[in-house]
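The values are calculated or read from the model by the stated rules, or taken from the named source; none is laboratory data. A quick note: this is a predicted structure, and the numbers were derived from the prediction, not measured. Note that we place each Cβ from the backbone using ideal geometry, even for glycine, and neighbour counts take in every protein chain shown. With ligands, DNA and RNA removed, areas are computed over all heavy atoms of the protein, side chains included. Shrake-Rupley method; radii C 1.70, N 1.55, O 1.52, S 1.80 Å.
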Amino acid sequence: MTETKIKIEDLPTVYDAKSTEEKMYKFWEDGGYFKADAHSNKPPFTIVIPPPNVTGVLHMGHALDETLQDILTRYHRMSGYEALWIPGTDHAGLATQNVVEKKLMKEGLTRHDLGREKFLEKTWEWTNQHKGAILDQMKRLGASFDRSRERFTFDEGCSEAVKEVFVTLYNKGLIYKGAYIVNWCPRCQSAISDIETEYETEQGHLWEISYPLVGESGAIIVATTRPETIFGDVAIAVHPSDKKYSELIGKTVMIPLSGRQIPIIADEYVDKTFGTGAVKITPAHDPNDYEVGKRHNLNPIWIIDEEGNMKACAEVPPDYQGLDRYEARKKVVDMLSYNNFLLRVKDHEHNVGKCQRCNTTIEPLLSEQWFVKMEPLAKEAIAAVKDGRIKFIPERWEKNYLGWMENIRDWCISRQIWWGHQIPAYYHKVTGEMVVAKENPDPENYVQETDCLDTWFSSGLWPFSTMGFPNSETDDFKKFYPTTTLVTGFDIIFFWVARMITMGLEFTGKAPFSTVYIHGLIRDEKGQKMSKSKGNTIDPVEIIDKYGCDALRFTMTSLCTYGGQDIKISDERFEYGRNFANKLWNASRFVLMNLEGVDDKPIDKSKLTLVDKWILNQLNETAKTVNENMKEYRIGEIAHTLYDFFRSEYCDWYVEIAKIQLQDSELKANTQRVLRYVLDMSLRMLHPIMPHITESVWQLIPGQKQESAIIVSEFPVYKDELRYENEAEEMKLVFDTITSLRNVRQSFNIPTSATVDVEIRSEGREKEIFKAIESYIHRLAKVNNITYAEVNEPIPPRSATAVVSTSKLIVPLADLIDLESEIKRQEKKLEKLTNEKNSLSGRMKNEKFVANAPKELVEQTNARIAEITAQEDVIKELIESLK
RNA sequence: GGGCGAUUGGCGCAGUUGGUAGCGCACCACAUCGACAUUGUGGGGGUCACGUGUUCGAGUCACGUAUCGCCCACCA
């Protein structure tokens with residue numbers, strides 16, 4: 001840190017987030033604090049970032065995800081772990097290709113004009129320019145990731161890992177190439193996987209079409225939602241046990257408009273109750289039909305091409321050829337109707353598959369693609385979660401994961417794009433013979449497969465491809481693999497988490513992480529997903545500019561629930577974090593100002609006052625809670641706990657009382673030490689959530705420090721020697737007393753400038769406490785004279801009374817008192833007490849309660865009843881005296 | 001069709017082994033007092049969606065109902 005002395009008095013009264021954040025981040029980066037040491041003796045704690053797309057712009061989802069990872073990393077770094085957080089980006093096949101293509105389009109070019117090689121060159125150029133951008137944005141979030149280990153899913157190492165995995169899986173028979181119906185996106189011009197297809201309910205129609213029988217009169221009526229596909233029909237199917245149609249099975253019908261003849265077949269797949277009970281079978285353009293076709297040895301007929309247009313082929317009549325699928329549908333319907341083949345049209349709601357990326361309606365298309373056989377791989381991935389090697393938090397996501405894994409389907413991994421890992425298969429130019437290998441066996445005679453791999457194929461290797469895999473002897477792999485925790489949203493459990501688990505187990509023999517921490521999704525204030533098209537996005541960078549990074553982090557963190565509920569946010573919510581940061585700043589400023597001349601000595605335990613012991617006890621309890629909650633990923637709870645402790649206990653009570661103690665030359669030095677210690681420890685506990693402000697304040701704390709920065713300081717833990725349970729209990733009397741007296745003051749509109757006197761009627765230990773805290777009462781409740789009297793003395797007329805524990809506080813009010821309102825006030829209190837007492841004594845009358853409830857509870861209940869009774873008596877007496 | 005989640009003061013939400021409810025915002029009132037108005041102090045406001053059950057005792061557990069949201073499946 002800079003050695004120039006900063007004068008505390010000169011610090012601004014409003015926390016300056018922007019300059020602090022810049023300074024602190026630079027301080028950490030320059031100091032190398034984010035770098036992890038693979039040779040350290042400390043146990044490892046590792047997180048790999050869910051690599052954001054290189055094309056990506058920082059959004060609120062990242063802000064939450066990265067904040068949580070940073071909190072975990074910083075906490076463990078402070079708690080004796082060698083903490084490593086690996087950053088990186090994803091090459092995002094199609095997304096990046098689209099961006100570059102769009103750029104080309106502005107120059108009037110397509111990727112085909114450039115050719116594959118030149119296009120890839122361009123894309124690499126673009127990528128290299130943008131690769132660091134989103135990670136640079138994440139610096140604004142305070143991310144303490146190790147940029148010296150930054151990776152890219154398409155860099156040399158990851159490419160090597162991809163080849164290794166592909167070839168190995170192929171050799172094991174777990175990757176195959178074959179013709180299947182896949183989800184084809186006519187816009188992206190590529191196959192996409194099942195999970196990249198999203199279904200939307202659309203209002204469509206069910207057309208009933210008549211297929212005339214050949215060689216005899218009559219027809220069979222077929223219901224379809226896609227009449228344009230009739231040219232690809234290869235059969236009409238009915239259910240074998242459907243009596244309606246039993247006589248027609250085996251007969252031949254004619255396709256309307258084209259005249260081609262097809263058989264009527266029987267297949268169990270048909271649902272007798274749906275539509276007309278007869279289905280047209282179009283194997284090339286429907287997954288179920290494809291299965292039926294296979295069973296009956298019917299050859300598929302392609303009638304729609306890759307762009308979604310009707311093919312120019314013998315089966316499609318010439319005037320339909322080249323038409324777009326929807327134009328074709330319209331024309332087919334018109335012509336069917338014109339020729340009386342169309343019998344009925346019904347409105348029909350059905351689900352239509354859409355491309356997740358571009359929302360184009362998917363065309364199921366029979367084509368040759370590469371697949372990963374998932375079932376054998378899934379076995380271990382299921383076992384690892386079932387036997388607890390991998391734990392999901394919250395636990396319910398395990399079910400979700402297992403449900404998917406247990407019904408796993410083969411994964412279509414080939415994409416007809418250029419930007420990505422080109423599939424390492426090579427075909428002989430003449431014979432067409434295929435070789436799968438990491439390198440081209442003979443570039444003279446072999447050409448590489450043109451298809452690329454699904455982006456998620458390389459993301460699936462991320463936890464170990466970033467560590468040096470396939471070389472498992474690297475320092476990082478040995479020290480930091482497997483990773484500890486994976487932090488992500490539930491939306492990519494199938495896309496990413498499941499694949500990492502599968503691949504990790506297969507290729508390293510170890511689960512790639514032991515905990516999967518799933519957080520909710522960020523939504524707008526109405527609970528809707530944020531999206532650019534809806535215009536409801538909130539830009540984290542704007543929030544940081546306006547409220548500060550730590551404010552953003554604190555607000556988000558405080559909104560995280562253990563159940564991982566989605567988080568609704570709006571701009572104004574960040575005021576919460578900003579205000580807390582400001583409170584932290586000003587309280588720190590006050591404490592630092594009052595630490596002038598503080599010595600380097602530790603707290604002198606023999607000189608601790610009641611309130612000193614209380615705050616140390618509360619600090620200790622807070623440390624305990626925070627550490628426990630951190631273990632269970634209750635991050636929101638941690639934020640709440642720290643907020644309550646710092647704001648309500650430290651600022652509202654301890655600091656206020658410390659002001660009094662600082663005036664006392666006997667107590668001053670030790671009070672300073674306590675103030676400093678509690679501030680120091682509070683800052684440490686807050687540091688993972690609010691890194692910048694805590695670091696900057698911590699640097700200003702005077703006195704010897706073991707560590708060079710808070711980021712590497714020791715995280716507070718529970719210490720038995722800081723337990724002061726009795727004092728904590730006794731402090732309740734202080735709070736009650738002050739609050740009650742303030743209440744009296746405000747109820748009677750006693751101005752702040754006026755002081756009142758108070759007569760305390762108390763005995764025993766409580767009386768001792770009152771005597772010890774007189775100075776607090778003077779100052780915090782603006783009390784002038786404090787006198788004492790016997791508990792049972794009659795209450796003087798014209799005075800307000802407060803009952804605190806077993807003691808009475810009498811405030812003589814003389815002319816100030818409004819008898820009416822005081823009686824009302826007291827009656828209200830009495831009513832509350834009586835209600836509580838009735839409920840409690842009802843409980844005590846219940847023999848079963850007395851018999852079954854824990855003894856302590858019964859005792860507690862009795863004690864409370866006694867207390868209420870005593871208080872009731874006092875209030876009744878008081879009301880009498882007022883009358 | 002199957003599964004999951006939500007339902008708590010005006011709004012947004014907490015509430016970890018069951019012991020009669022907390023927080024932030026908003027609201028009402030007071031306060032410019034040497035850390036802080038991005039503030040402080042005091043206060044008002046909830047039969048915890050509904051029903052049944054288990055229990056001495058249910059916001060918390062079980063079953064059911066309703067409304068909202070999400071995921072999976074994809075019958076033309």
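Dividing the convex hull volume of the Cα atoms of region A:506-644 by its residue count, what figure in Å³ per residue is obtained?
Per-residue hull volume (Cα only) is 210 Å³.
Can you sort A:524, A:387 by solvent-accessible area, 1.4 Å probe, largest first?
Listed by decreasing accessible area, they come as A:387, A:524.
Say the cut-off is 21 Å between C-alpha atoms; which of A:23/A:546; A:35/A:719; A:272/A:346; A:139/A:546; A:26/A:568 go over it?
Among A:23/A:546; A:35/A:719; A:272/A:346; A:139/A:546; A:26/A:568, the Cα-Cα distance tops 21 Å for A:35/A:719; A:26/A:568.
Using only Cα atoms, tell me the angle between helix A:156-171 and the longest principal axis of chain A; keep it within 0 to 90° and round to the nearest 10.
Tilt relative to chain A: about 50 degrees.
Using 0.36 nm per residue, how much length does the chain from residue A:565 to residue A:523 gain when fully extended, once their Cα-Cα distance is taken away?
Gain on stretching residue A:565 to residue A:523: 14.1 nm.
Return the Rg/Rh value of chain A, two decimal places, where both radii are evaluated on C-alpha atoms and Rh is the Kirkwood radius.
Value, to two decimals: 1.11.
Once the cut-off is 21 Å, how many percent of the Cα-Cα pairs in region A:282-365 end up in the long-distance tail?
Of all Cα-Cα distances in region A:282-365, 43 percent exceed 21 Å.
If you scale each eigenvalue of the Cα gyration tensor by 5 and take the root, what three semi-axes come out for region A:128-189, rounded to whole angstrom and sorted largest first?
Each semi-axis is the square root of five times an eigenvalue, giving 34, 20, 10 Å.
Using only the alpha carbon atoms of region A:78-152, find the Kirkwood hydrodynamic radius as the inverse mean reciprocal pair distance, in angstroms to one decimal.
For region A:78-152, the Kirkwood estimate is 14.5 Å.
Which percent of the accessible heavy-atom area of chain A goes to carbon and sulfur, probe 1.4 angstrom?
Here it works out to 47 percent.
Rolling a 1.4 Å sphere over the protein heavy atoms, what is the accessible area per residue of chain A, to the nearest Å²?
Here the per-residue accessible area is 45 Å².
Could you state the orientation-averaged shadow area of the convex hull built on the Cα atoms of region A:727-883, in nm² to one decimal?
9.8 nm²
Give or take rounding to whole Å, what are the principal axis extents of the alpha carbon atoms in region A:177-264, in descending order?
47, 34, 29
In region A:405-489, with Lys and Arg counted as +1 and Asp and Glu as -1 at Cβ, which of these residues, A:422, A:474, A:437, has the Cα nearest the positive end of the dipole, that is, farthest along it?
Of the options given, the answer is A:474.
Can you give the Kirkwood hydrodynamic radius of region A:1-145 from its Cα pairs, in Å with one decimal?
18.2 Å
Ordering A:496, A:302, A:126 from largest to smallest accessible area (1.4 angstrom probe), what's the sequence?
Sorted by accessible area, descending: A:302, A:126, A:496.
Taking a temperature of 4 °C and a viscosity of 1.567 mPa s, what whole-number D in µm²/s does Stokes-Einstein yield for region A:808-883 with Rh from Kirkwood over alpha carbon pairs?
Taking Rh from Cα pairs, D becomes 92 µm²/s.
Please check which bits of region A:701-742 a label hung off residue A:644 would reach, taking the label as a point 7 Å along Cα-to-C-beta and the cut-off as backbone N under 20 Å.
Flagged as within label range: A:716-719, A:723-737, A:739.
For chain A, what proportion of DSSP beta bridges, expressed in % and rounded to the nearest 5, is antiparallel?
Antiparallel bridges: around 70 percent, rounded to the nearest 5.
For a label point 7 Å from the Cα of residue A:383 along Cα→C-beta, name the residues of region A:158-193 whose backbone N is under 19 Å from it.
A:169, A:172-174
Provide the gained length on full extension for the span residue A:700 to residue A:857, in nm with one decimal, where the gain is 0.36 nm per separating residue minus the Cα-Cα distance.
Going from the current span to full extension adds 51.7 nm.
Which angle from 0 to 90°, rounded to the nearest 10, does the C-alpha axis of helix A:855-882 make with the longest principal axis of chain A?
50 degrees
Have a look at A:189, A:56, A:699 and report the one farthest towards the positive end of the charge dipole of chain A, computed about the Cα centre with Cβ charges (Lys/Arg +1, Asp/Glu -1).
After comparing all options, I get A:699.
Only bridges whose two residues both fall in region A:218-368 count here: according to DSSP, what percent of them are antiparallel, nearest 5?
Taking every DSSP beta bridge with both residues in region A:218-368, the antiparallel ones total about 75 percent.
Report the semi-axes of the equivalent ellipsoid for region A:197-325 in whole Å, largest first, where each axis is √(5λ) for an eigenvalue λ of the Cα gyration tensor.
23, 18, 14
Restricting to region A:676-827, what percent of DSSP beta bridges are antiparallel, rounded to 5?
65 percent
In vacuum, with every alpha carbon of region A:416-513 counted as one equal point scatterer, what does the Debye formula give for log10 I(q)/I(0) at q = 0.19 Å⁻¹? Two decimals, please.
Here the Debye-derived log intensity ratios amount to -0.95.
Would you work out the charge dipole size for chain A about its Cα centre, treating the Cβ of every Lys and Arg as +1 and the Cβ of every Asp and Glu as -1, and quote it to the nearest 20 debye?
Dipole magnitude for chain A comes out near 620 debye.
Using Cα atoms only, what is the angle between the long axis of helix A:116-130 and the major principal axis of chain A, expressed in degrees (0 to 90) to the nearest 10?
10 degrees
Please list A:307-314, A:550-557, A:818-825, A:683-690 highest first by mean number of surrounding beta-carbon atoms within 10 Å per residue.
Answer by packing, highest mean first, reads A:550-557, A:683-690, A:307-314, A:818-825.
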